[in-house]
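Worksheet: one structure, shown below.
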Amino acid sequence: MKISPCRLYGKLQLTSVFRGVLKTPVVAAFMRYASAPSEEKPYLYGEFVSRVYAVGGNLTQAVKSAVFEDENPYIKGIAKKQEALAEIKNSALRELSAFSLLASLTPADFAEEMGIEEGEIPHFASESVHLEGEYTSRSKSIEKYGYGMFASHGMFRVSDDKKIEPVVSQDKVRLDSFVGYGEERAKVIENTRAFLAGKPAANALLYGDAGTGKSSTVKAVANAFFEEGLRLIEIRKDQLKLLPTVMAQIADNPLKFIVFIDDLSFRKEGDDFSMLKAALEGSASATADNAVIYATSNRRHIVRESFSDRDGDDVHRNDSLQESLSLSERFGLVVSFLKPNKTLYLSIVKELATRYGVEMPVQELEVQAEAFALRKGNRSARCAQQFILSLL
């Protein structure tokens, strides 16, 4: 079914369930174009296309993203497994039909309406789409697709005003990009699979030397299981007091979440220490059933201990010391990523050289790789990659 942009404007004005979609940049620009007098349409068409270009140049994908990311009473009810009123459901389907028409518009439709040759106007990509069917299908598997900002993004951070927000340029690292540490990584993957399957899963601590791929492993796992409904929320060490707030925001969400704390360490016990301890022990106020905590640390016991801690004036000094050092024991899964020995380091170097197409005699490659590690001060997977990149 074809419809002119101006006639479509009348349909979209009646939007009620997906009202928020009308405020997104591309759709708002379309509404300004469609409601404008004829003499203003060329200018506003240019503005509309610029908005489409800003999100990749495909109108269909822009409208689909706006619809799937919209948080509205209809989708929230589905997420809570509540039956929607017939009136709300019918309105939602009718509006999805109108957005399908919008997403399927072509430059030719606009050119005809403005009375301008199609070759004289800026073009964008679009395809025919049936949003009613796609939305219904996604709704039936909402535990995998999610809704709102979680529908399109895989990684999130916590802002200083306590809000969860998407990471726009998220790390795209993949599991098959790693060399070495296969056994260690497999433990994290297995635990994550159990979590997604609704089986008992553990909070995990990945500890070990810098540059061994601990943080990248967590992010790669999140990327690998995005299609199965896994999302990652990174929280800074200084934000640990916000754990209950973050957990409360995701508690009713149908998706599963990794709450990720990178480079975790404490100088001494405090509010942040206590909050993490409560979360790891399953305190109702600090955890959510659909979340696990994955943390990385360069220290096995997380808490930095000094000699003054051992010689303090606490009457029960040993009890306090053991309390601090036992925080890591509250993680159900502890995986060590230790500094590679020479054999593993050179194995990583040679595999990366093959992947990057570096052509050099093996003996010379090994000598240069060892010399590079000596200059860097240590061997690590990161050092191996930096060496290969230096050759390129």
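Taking the range 125-143 as the range and being hydrophobic (A, V, I, L, M, F, W, C) and either open to solvent by 40 Å² or more (accessible area, probe 1.4 Å) or farther than 26 Å from ARG51 by Cα (or both) as the test, the residues that pass are ALA125, ILE142.
Applying the set (1) on the phi < 0 side of the Ramachandran plot; (2) out of contact with any strand residue (DSSP E or B) (no Cβ under 7 Å at 6 or more places or on another chain); (3) outside any helix (DSSP H, G or I) to ARG231 leaves exactly one unmet item: (2).
Annotation note: Cβ proximity below 7 Å between a residue of the range 190-204 that is open to solvent by less than 20 Å² (accessible area, probe 1.4 Å) and of a type in the set (Ser, Thr, Tyr) and a residue that is at pLDDT 90 or above and in a helix (DSSP H, G or I) (sequence gap 6+ or interchain) occurs for THR192/VAL221.
Scanning the range 153-184 for residues that are of a type in the set (Ser, Thr, Tyr) and at pLDDT 90 or above turns up just one, SER159. The residues in the range 205-244 that are open to solvent by 20 Å² or more (accessible area, probe 1.4 Å), within 30 Å of SER139 (Cβ to Cβ) and not aromatic (Phe, Trp, Tyr) can be counted, and the count is 7.
The set of residues in the range 66-87 being of a type in the set (A, V, I, L, M) and either in contact with a Pro (Cβ under 7 Å, 6 or more places away or on another chain) or open to solvent by 90 Å² or more (accessible area, probe 1.4 Å) (or both) consists of ALA79, LEU85. Filtering the range 125-161 to residues that are touching a strand residue (DSSP E or B) at 6+ places or on another chain (Cβ under 7 Å) and either assigned to a helix (DSSP H, G or I) or aromatic (Phe, Trp, Tyr) (or both) leaves MET149, PHE150, PHE156.
Residue-by-condition table, conditions (1) farther than 18 Å from GLY133 by Cα; (2) open to solvent by less than 60 Å² (accessible area, probe 1.4 Å); (3) in contact with a strand residue (DSSP E or B) (Cβ under 8 Å, 6 or more places away or on another chain):
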| residue | (1), (2), (3) |
| --- | --- |
| ILE3 | yes, yes, no |
| GLY20 | yes, yes, no |
| TYR43 | yes, no, no |
| THR60 | no, yes, yes |
| LYS64 | no, yes, no |
| ALA111 | yes, yes, no |
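When THR24 is tested against (1) open to solvent by less than 20 Å² (accessible area, probe 1.4 Å); (2) within 30 Å of LYS140 (Cα to Cα), just one condition goes unmet, and that condition is (1). The residues of the range 78-90 that are touching a helix residue (DSSP H, G or I) at 6+ places or on another chain (Cβ under 8 Å) and in a helix (DSSP H, G or I), listed by number, are ILE78, ALA79, ILE88, LYS89.
In the set (1) more than 17 Å from TYR147 (Cβ to Cβ); (2) of a type in the set (Val, Ile, Thr); (3) in a helix (DSSP H, G or I), ILE3 fails one condition alone, (3). With respect to the stated conditions, ASN90 fails to be open to solvent by less than 80 Å² (accessible area, probe 1.4 Å) and out of contact with any Leu (no Cβ under 6 Å at 6 or more places or on another chain). Is it the case that some residue within the range 134-141 is touching a Leu at 6+ places or on another chain (Cβ under 7 Å) and more than 18 Å from ILE250 (Cβ to Cβ)? Yes: the range 134-141 contains one or more residues that are touching a Leu at 6+ places or on another chain (Cβ under 7 Å) and more than 18 Å from ILE250 (Cβ to Cβ).
The values are calculated or read from the model by the stated rules, or taken from the named source; none is laboratory data. What you see is a predicted model; the values in this text were computed from it and never measured. For neighbour counting, all protein chains shown are included, and Cβ atoms are generated from backbone atoms with ideal geometry for every residue, glycine included. We work out accessible area using only protein heavy atoms, side chains counted, and drop any ligands, DNA or RNA first. Shrake-Rupley method; radii C 1.70, N 1.55, O 1.52, S 1.80 Å.
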